[in-house]
Amino acid sequence: MSPRPRIVKIDELVFDRDLYPRLNTNWLTAYTYAEAMRAGSKFPPILVGLYRKKMYVVDGWHRCAAKRLLKEEYIKAIVKKYSSYREMFADAVSLNAVHGRPLSAQEKARIIDKLKEMKFSKAEISRIMRIPIDKIDRFSFKVITNALTGEKYYLKAVVEESVVKNPGLMEKIEKGEIDQESLSIRRQKQLLFQLFLMLKNDLLVLDEAEIRELAINVCKLLLQKLKIVKAKKI
């Protein structure tokens, strides 16, 4: 018999990045969910894993983020007891593989790497990820580590095509560097538009010191650059 949903406090939940199958959360998805919730849409309960007396978010990161945008402290959840972190991660992957945004090639490579480290067999990986067993090996990857942050990047063969087109990209990623050539005009427009939406809809958490400091630095640099461009046109 499935456990009944219960109401849990979001601040009491553990958001473990190692447990989250995706590379990151998407603020636009959270914002879209929040707007739908505000309009009365009903969302399924999140899945919370009870492991070693802590409550981990196994599935439902964006729903929690949406609730926070709405200034709500509680969310409906199914709480499931787990005997191992390994079992909890498998559930997180399985649930993310069947709903929401499709997993990217890099995310799949990262997940397969972690599942192998956890000693899952190829048949188990196939079942968990909903990938035919004969296609698992196609997700060959190269692991590089950011020298500044220690973060791992899993580059699948098809992803590496972009590196072939831009030979210096691999070194830039490893050093935590980037330049204008690495960001297309289209990508720059996307980033600026996302920032515009965040500002317009009051989504920047300026109460956080690091975000506030970064926002101030962005404003200063942007003003400097705009003055230079304006001076050149005069």
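For the reader, a short list of remarks on this structure follows.
- Fully extending the segment from Gln190 to Arg130 would add 18.5 nm, taking 0.36 nm per residue of separation and subtracting the current Cα-Cα distance.
- Each peptide in 119-128, 187-196 was scored by the mean count of other Cβ atoms within 10 Å over its residues; highest first, the order is 119-128, 187-196.
Every number in this text was worked out from the coordinates using simple rules, so none of it is lab data. Because the structure is predicted, anything quoted here is derived from the model rather than measured. Positions of Cβ are backbone-derived with ideal geometry, glycine not excepted, and every protein chain shown enters the neighbour counts.
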